[in-house]
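Report on the following structure.
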Amino acid sequence: MSERDGGGTDADGTGGERADTGRAATIDAIVDVVADSAEDIRSGLVGRRGKSDRENPSGDVQAEADVYADDLLEARLSAIDGVAEYASEERADVVDCGEEATAADTVAVAVDPLDGSSNLEPNNTMGTVFAVYDEPLPAPGTSIVASGWVLYGPITTMAVARGGTVTKFELSGEEPTVVEEDVTIPDDPLVYGFGGRVPDWPDDFAEFARAVESDPSHKLRYGGAMIGDVNQVLTYGGIFAYPALADNPRGKLRLQFEGNPIGHLIETAGGRSSDGSRSLLSVEPNELHDRVPLHVGTAVLIDRLEATLE
Ligand code: F6P
């Protein structure tokens, strides 16, 4: 799955280009490893649907499959030349992979190894989310150079954003098969899905949700795994949100591992992302496991959301 990002040049006309070429090869390798690992993660779900006796840094009880997917990705991604840091929603600290994190040609990878793992028990959709940052973590979404997700649905698919364009793949065969290039989110919204308990939504978000629901051209699609819900929004147009909550104004989802990669991919596909007032990619992180109110989708609905939350 080779693809090269456009390379720039620095003052002497060579160093920056070399760094860009090295980084592009590292991104190729990261995308290949995530694609190649999808079948192992998927088949590893069997027999690992129970809870472990551990919690992740956000206080969620980890499923055995969360730990399995995280260990597998950590071993494979941290072994790639040019990957200086590996971070995951499932571990407290950034893993130092032995390369200079501030060098021009190294990157940091942030991963949600098994998004939506509460869907293990009822056997519903789940995903793997990744972002490649060109800065040490935690980092803002503006420093993402590639992002993507794997969706473990009836078939395994992958969406990747890099070089200003989004590509969708099927991962069923030996090699990933491109199923759509230059993916764009539809301009006319069709589906919506909102997370969190309705009584916990702030009044202004509830007002926005009621307006979306009462439009006869919209329909509810909510499956409880962010990647499944966001992938429907990318396919049909619409909005997915996990908003601020009465008892948690930062919402539930994590900026480095969920908000930034999803925001980067949806924005690359021509949509918008927002924390309620600005792009998710503009939110400055304080800590690795920061949460963020997350809203992504077709631009017209994110514009309306921000106008309602003002
Ligand atoms: O932790 C991530 C996640 O599983 C998302 O995939 C999903 O959108 C959300 O949590 C669902 O959380 P809950 O069922 O607790 O509202």
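Tabulated data for the structure shown
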{"quantity": "The chain: proportion of alpha-carbon pairs further apart than 25 angstrom, %", "calculated": "46"}
{"quantity": "Hull volume in cubic angstrom per residue (convex hull over the Cα atoms of segment 191-309)", "calculated": "91"}
{"quantity": "20 Å reach of a label modelled at Ala75, 7 Å along Cα-to-Cβ, counting backbone N of segment 26-45", "calculated": "29-45"}
{"quantity": "Of the DSSP H helices in the chain, those whose Cα atoms cover at least 24 Å axially and whose Kyte score averages -0.5 or more", "calculated": "15-44"}
{"quantity": "Selected from Gly173, Gly196, Leu234, residue furthest toward positive end of dipole (the chain; charges at beta carbon)", "calculated": "Gly196"}
{"quantity": "Computed [θ] at 222 nm, deg cm²/dmol, the chain (DSSP H ≥ 4; -39,500 (n - 2.57); rounded to nearest 500)", "calculated": "-9000 deg cm²/dmol"}
{"quantity": "Among Ile144, Val296, Ala75 the positive-end extreme of the charge dipole of the chain (Cβ point charges)", "calculated": "Val296"}
{"quantity": "Given charges at Cβ of Lys, Arg, Asp, Glu: the chain dipole, positive-most of Ser214, Ala225, Gly127", "calculated": "Ser214"}
{"quantity": "Calculated on alpha-carbon atoms, Rg and Dmax of segment 3-180 in Å", "calculated": "16.6, 58"}
{"quantity": "Student exercise, segment 89-180 dipole from Lys, Arg, Asp, Glu Cβ charges, in Debye to nearest 20", "calculated": "340"}
{"quantity": "For segment 191-309, size of Cβ-based charge dipole, Lys and Arg +1, Asp and Glu -1, in debye", "calculated": "300"}
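Values in this text are rule-based calculations from the coordinates and carry no lab data. Bear in mind that the values here come from a model prediction, so they are computed numbers and not experimental data. When we count neighbours, we look across all protein chains shown, and the Cβ atoms used for this are built from the backbone with ideal geometry, even at glycine.
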